[in-house]
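Only one structure is covered here, and it is reproduced in the block below.
The values are calculated or read from the model by the stated rules, or taken from the named source; none is laboratory data. The model shown is predicted, which means the values in this text are computed figures rather than measured ones. Note that each Cβ is placed from the backbone with ideal geometry, even for glycine, and that neighbours are counted across all protein chains shown.
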Amino acid sequence: MTQVISIRVYVSGKVQGVGYRYWTRSMAQRFGLRGWVRNTPDGRVEALLVGECTAVKMMLALMRQGPPAARVTCLVHEPAKLENAYSGFQIRQ
């Protein structure tokens, strides 16, 4: 049986205005993850990743790099309450 986890991720650097949210949604969908991604007022990108533990860890590794135009300077994550309310992966405003 696979373990499902939920984490909240905060990404800093040049991550707004470079397609980071759209890239994140695309990658999350490839890994079968649920959740969302959004820009924050302070210039970071925030995401909630819900899915199989291995897939979430692989997604975190990709998010440390980001799409070609992004420059990630810091990525931090923390456990989040596991909620089953998410279906698919959305970009939030």
Given the options SER12, SER6, SER87, name the one that is in a loop (DSSP other than H, G, I, E, B) and touching a residue at least 24 places away in the same chain (Cβ under 8 Å).
SER87
Assuming TYR20 fulfils every condition listed in (1) surrounded by fewer than 19 Cβ atoms within 10 Å (Cβ to Cβ); (2) of a type in the set (Ser, Thr, Tyr); (3) modelled with pLDDT of 95 or more apart from one, which condition is it?
(1)
Taking only segment 55-71 into account, find how many residues are outside any strand (DSSP E or B), touching a residue at least 12 places away in the same chain (Cβ under 8 Å) and either over 9 Å from the mean Cα position of the chain (by Cα) or crowded, with 17+ Cβ neighbours inside 10 Å (or both).
10
Count - residues of segment 23-44 that are among the basic types (Lys, Arg) and either in a strand (DSSP E or B) or at pLDDT below 95 (or both)
2
Residue count for segment 55-93, restricted to those that are of a type in the set (Phe, Trp, Tyr) and closer than 13 Å to VAL9 by Cβ
1
For residues that are surrounded by 16 or more Cβ atoms within 10 Å (Cβ to Cβ) and small (Gly, Ala, Ser), scanning just segment 23-50, find the one that is farthest from GLN93 (Cα to Cα).
ALA28
